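K.L.:
My structure is below; once you've seen it, I'll send some questions.
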Amino acid sequence: MKINMNSLPQHIAIIMDGNGRWAKQHTMGRIRGHKKGAQAVRTVVRSCREIGIKHLTLFALSTENLGRPQEEVSALMSLLEEYLSKELKELQKQGIRLTTIGEIEHLSATAKEKLLQAKDSTANNDRMILTLALSYGGRDEIIFAVKKIMQDIKGNKLKIKDINKDMFGGYLQTAGMPDPDLLIRTSGEYRISNFLLWQMAYTELYFTDVLWPDFKKEDLMQAIASYQKRERRFGLTSEQLDNNNNSISLNQD
Ligand code: FPP
C-alpha cells in the first residue's frame with residue numbers, strides 16, 4: 001500500500017471498536033479481546049510515529065464504557081496501567097508525548113497516578129502527541145466549555161461579543177491541538193459515538209470492517225491512502241479550492 005508522504009493527515013483519531021466481537025469469534029472472553037486490543041494500540045502508535053503522523057488520538061474509554069460490568073471495567077483499568085508501565089520507555093525513546101482528554105478522576109487511583117507520571121515525564125517530547133481519550137464524552141466536553149465561558153463572562157474576563165468558533169475551541173480539552181483530519185472507526189460500525197463532536201466538523205470519516213484487535217499497519221496505510229484520494233472542500237467549491245492552491249484553512253466554513 002503506497003501513501004503520499006507529502007500529504008499526510010496531521011491528526012488521526014481512532015474509535016477502536018470490536019474487541020468483544022473479536023473475542024467471541026475466537027471463543028474467548030471479552031477481556032482477552034481487550035488484551036489483544038491493547039497490543040493493537042502498541043502497533044498503531046509505533047506505526048503512526050514511523051509514518052510521521054503528528055497527532056494520534058485514541059478513544060480508549062468512553063464515559064458510557066465505565067458502566068460496563070465491574071469485572072470488565074477493572075480489566076480495562078489494569079490493561080491501561082500495564083500499557084503505561086510497559087510503554088513509557090518506548091514513548092520516551094520515540095519522542096512521543098502522552099496527553100489525555102476526559103475525566104481521568106473517574107479512573108482507578110493507580111491508572112490516574114501512572115497517567116500523571118507518564119504525562120509529566122513525556123511533556124517535552126514533540127515528535128508525536130498521543131492523546132488517550134479516557135472517560136471521555138464529547139457532549140460533556142462541550143457543556144464544560146460552555147460553563148467555563150459563562151464563568152469568564154461573569155468574572156469580566158470575556159465579553160459575549162467576543163465568543164466565536166476559534167476561541168470556543170480554546171475552551172475544549174483539545175485546546176491547541178489541530179482538529180482531526182481523519183477519523184478511523186473499526187468493526188463495521190458507522191457512528192461517531194460522542195467522540196470529538198466539535199472537533200470533527202470537517203474530519204474525513206473512514207470506516208473499516210476490520211475488528212480493532214486485527215488492525216495492523218497495512219490497515220492504517222489503507223485508511224491514509226483513502227483519505228489522500230478525497231477532496232476536502234470545507235464547504236467551498238472545487239474551483240475555489242484550485243484557485244486557492246488547496247490551501248484552505250481548517251477553520252473556514
Ligand atoms: C471497544 O470494543 C473497545 C473498548 C471499549 C476499549 C478500548 C480498549 C483497548 C483497545 C485496550 C486498552 C487501551 C489502552 C490504551 C491500552 P468493544 O468492547 O465495544 O467491542 P464490541 O463492540 O465488539 O463488544
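The values are calculated or read from the model by the stated rules, or taken from the named source; none is laboratory data. Owing to the predicted nature of the structure, the values given are computational and were not obtained by experimental measurement. Methodologically, a virtual Cβ is constructed for each residue, glycine included, from the backbone with ideal geometry; neighbour enumeration extends over all protein chains shown. The accessibility values were calculated without ligands, DNA or RNA, using every heavy atom of the protein model including side chains. Shrake-Rupley method; radii C 1.70, N 1.55, O 1.52, S 1.80 Å.
K.L.:
For the subset of segment 41-59 comprising residues that are hydrophobic (A, V, I, L, M, F, W, C) and out of contact with any Phe, Trp or Tyr (no Cβ under 7 Å at 6 or more places or on another chain), which member is surrounded by the fewest Cβ atoms within 10 Å (Cβ to Cβ)?
P.N.:
Filtering segment 41-59 for residues that are hydrophobic (A, V, I, L, M, F, W, C) and out of contact with any Phe, Trp or Tyr (no Cβ under 7 Å at 6 or more places or on another chain), the one surrounded by the fewest Cβ atoms within 10 Å (Cβ to Cβ) comes out as ILE51.
K.L.:
Pull up segment 108-126, narrow it to residues that are surrounded by 14 or more Cβ atoms within 10 Å (Cβ to Cβ) and part of a loop (DSSP other than H, G, I, E, B), then point me to the one that is modelled with the lowest pLDDT.
P.N.:
Filtering segment 108-126 for residues that are surrounded by 14 or more Cβ atoms within 10 Å (Cβ to Cβ) and part of a loop (DSSP other than H, G, I, E, B), the one modelled with the lowest pLDDT comes out as SER108.
K.L.:
Moving on. Just a yes or no: is a residue in segment 221-233 assigned to a loop (DSSP other than H, G, I, E, B), in contact with a strand residue (DSSP E or B) (Cβ under 9 Å, 6 or more places away or on another chain), modelled with pLDDT of 95 or more and open to solvent by 80 Å² or more (accessible area, probe 1.4 Å)?
P.N.:
no
K.L.:
Does segment 55-97 hold any residues that are basic (Lys, Arg) and closer than 17 Å to ALA133 by Cβ, and which are they?
P.N.:
ARG68, ARG97
K.L.:
Can you name the condition, by its number, that LYS89 falls short on among (1) buried (at least 18 other Cβ atoms within 10 Å of the Cβ); (2) out of contact with any helix residue (DSSP H, G or I) (no Cβ under 8 Å at 6 or more places or on another chain); (3) in a helix (DSSP H, G or I)?
P.N.:
Evaluating LYS89 over (1) buried (at least 18 other Cβ atoms within 10 Å of the Cβ); (2) out of contact with any helix residue (DSSP H, G or I) (no Cβ under 8 Å at 6 or more places or on another chain); (3) in a helix (DSSP H, G or I) leaves (1) as the failure.
K.L.:
So, in segment 2-40, how many residues would count as being open to solvent by 80 Å² or more (accessible area, probe 1.4 Å) and at positive phi?
P.N.:
1
K.L.:
Could I ask something else about it? Inspect segment 20-31 for any residue being closer than 23 Å to SER78 by Cα, outside any helix (DSSP H, G or I), more than 9 Å from the ligand (Cβ to nearest atom) and among the aliphatic types (A, V, I, L, M) and give the result as yes or no.
P.N.:
Checking segment 20-31: at least one residue is closer than 23 Å to SER78 by Cα, outside any helix (DSSP H, G or I), more than 9 Å from the ligand (Cβ to nearest atom) and among the aliphatic types (A, V, I, L, M).
K.L.:
Quickly run through segment 188-216 and pick out the residues that are in contact with a strand residue (DSSP E or B) (Cβ under 9 Å, 6 or more places away or on another chain), over 23 Å from PHE144 (Cβ atoms) and not in a strand (DSSP E or B).
P.N.:
GLY188, GLU189, TYR190, THR208, TRP212, PHE215
K.L.:
For segment 166-180, which positions are modelled with pLDDT of 95 or more and open to solvent by 70 Å² or more (accessible area, probe 1.4 Å)?
P.N.:
GLN173, GLY176
K.L.:
Among LEU158, LEU250, LEU236, LEU183, which is out of contact with any Leu (no Cβ under 6 Å at 6 or more places or on another chain), at pLDDT 95 or above and not in a helix (DSSP H, G or I)?
P.N.:
Answer to the check: LEU158.
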